[in-house]
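In what follows, a structure is listed as structure tokens, so that the remarks can point back to it.
The values are calculated or read from the model by the stated rules, or taken from the named source; none is laboratory data. Since the structure is predicted, the reported quantities are computational estimates derived from the model, not experimental observations. Cβ: placed from backbone, ideal geometry, glycine included. Neighbour counts: every protein chain shown. Note: areas computed on protein heavy atoms with side chains; ligands, DNA, RNA excluded. Shrake-Rupley method; radii C 1.70, N 1.55, O 1.52, S 1.80 Å.
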Amino acid sequence: MEHLTINILGVSGAHRKARNSSFMVQEALRSAEKVKGVETQFIELADFKIEYCRHCNKCIFSHDDTNRKHGGNCIIKDDMQKIYPLLEEADGIIFGSPVYVSNVSGRMKTFMDRLRPLAFKGTFGFKVGGAVSVALLAFGGQEVTNNIILGAFHILEGITVSGMATGGAGYSGPPLGPRGADDDGKNIAVKDDPYAMTSAMMVGRKVAETAKVIKYGIHALGAEFNDLCSVYHFPLKPEEWKRWNINLI
Ligand SMILES: Cc1cc2nc3c(=O)[nH]c(=O)nc-3n(C[C@H](O)[C@H](O)[C@H](O)COP(=O)(O)O)c2cc1C
């Protein structure tokens with residue numbers, strides 16, 4: 001069988017670089033790399049300037065735009081333009097966020113909103129996404145945060161996997177790390193949380209293995225893959241509307 005490279009991208013949405021959330025994502029990537037054929041890349045959103053989505057709707061294809069001329073791209077020319085190609089190239093994505101008031105960080109949310117153009121392009125249809133998160137407390141909202149990430153990727157037409165429970169879940173506070181008020185920004189307590197490390201490892205493995213199966217499946221289908229629906233929100237080809245009896249949009 002022809003050898004295919006499986007690309008897994010890790011994205012940390014923390015404001016603090018090289019801390020707990022970033023360590024969790026990288027732990028998942030280290031695990032992904034153990035799957036034969038996998039190559040990984042890691043980015044910190046804190047290195048990029050990302051504006052809010054303006055809801056201009058320019059990223060939505062018009063229904064008769066079968067040449068994909070007018071949609072699928074974001075008109076905001078900021079650092080997201082550097083990240084979009086990485087997402088296009090990735091077969092699997094591991095999203096990591098600190099828990100902020102039982103939710104993702106504002107940075108991660110802004111990033112996820114800006115993924116909307118790719119949904120209209122069908123970018124994520126056969127890509128795999130997993131989630132990891134870190135809170136101060138052992139039960140500080142990791143589960144809900146992971147589900148928010150997975151829900152977002154799901155609605156963007158991606159294929160979500162868990163690995164373990166809802167994904168990777170770690171904590172950075174006592175008894176393993178400092179109390180919030182004593183957190184001087186140097187500690188990576190999550191390293192010493194066995195549940196965090198195990199769950200991150202399982203997310204990395206699951207994302208990589210699922211992405212590998214899908215990529216080889218697409219390869220095996222060959223030209224027949226092009227008959228599959230490219231964008232479920234807005235089927236691009238009018239003949240598809242007829243075949244699938246779509247009257248709604
Ligand atoms: C605005 C804000 C909100 C937070 N909300 C929570 C929370 O809801 N639950 C919790 O356990 N920790 C909460 N934390 C603590 C962080 O989740 C925790 O310090 C985590 O380790 C941060 O990730 P980092 O080390 O990658 O920066 C909050 C921190 C900030 C700054």
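Angle between the Cα long axis of helix 20-32 and the longest principal axis of the chain, 0 to 90 degrees, nearest 10? Value to nearest ten degrees: 60.
The Cα atoms of the range 137-181 cover 39, 20, 11 Å along the three principal axes, with the biggest extent listed first.
Seen from every direction in turn and averaged, the convex hull around the alpha carbons of the chain projects onto 14.1 nm². If you add up the charges near Lys82, with Lys and Arg at +1 and Asp and Glu at -1, over every other residue whose beta carbon is less than 15 angstrom from its beta carbon, what do you get? Charge balance in the 15 Å sphere: -4.
Computed in the context of the full set of protein chains, the accessible area of the chain at 1.4 Å probe radius has 55% of its extent on carbon or sulfur.
Legend: residues Met80, Met1, Met164, Met197, sorted from most to least accessible area (1.4 Å probe; ligands, DNA and RNA excluded), read Met1, Met164, Met197, Met80. Solvent exposure of the chain, expressed per residue, is 50 Å² of accessible area, with all protein chains present and a 1.4 angstrom probe. Across the range 83-181, counting alpha-carbon atoms alone, Rg and Dmax equal 14.2, 46 Å.
Our estimate of slack between Asp227 and His15, defined as 0.36 nm per intervening residue step minus the Cα-Cα distance, is 72.1 nm. Considering all C-alpha pairs of the range 88-135, those separated by over 14 Å amount to 57%. GNM on the chain, alpha-carbon springs under 10 angstrom: the most fluctuating residue among Lys186, Lys58, Lys109 is Lys186. The mean sequence distance of close C-alpha pairs (under 8 Å, at least 6 residues apart), as a share of the length of the chain, puts its relative contact order at 24 percent.
By the rule of a C-alpha distance below 23 Å, with chain neighbours fewer than 8 residues away ignored, the lysines paired with Lys109 are Lys17, Lys49, Lys58, Lys77, Lys82, Lys121, Lys127.
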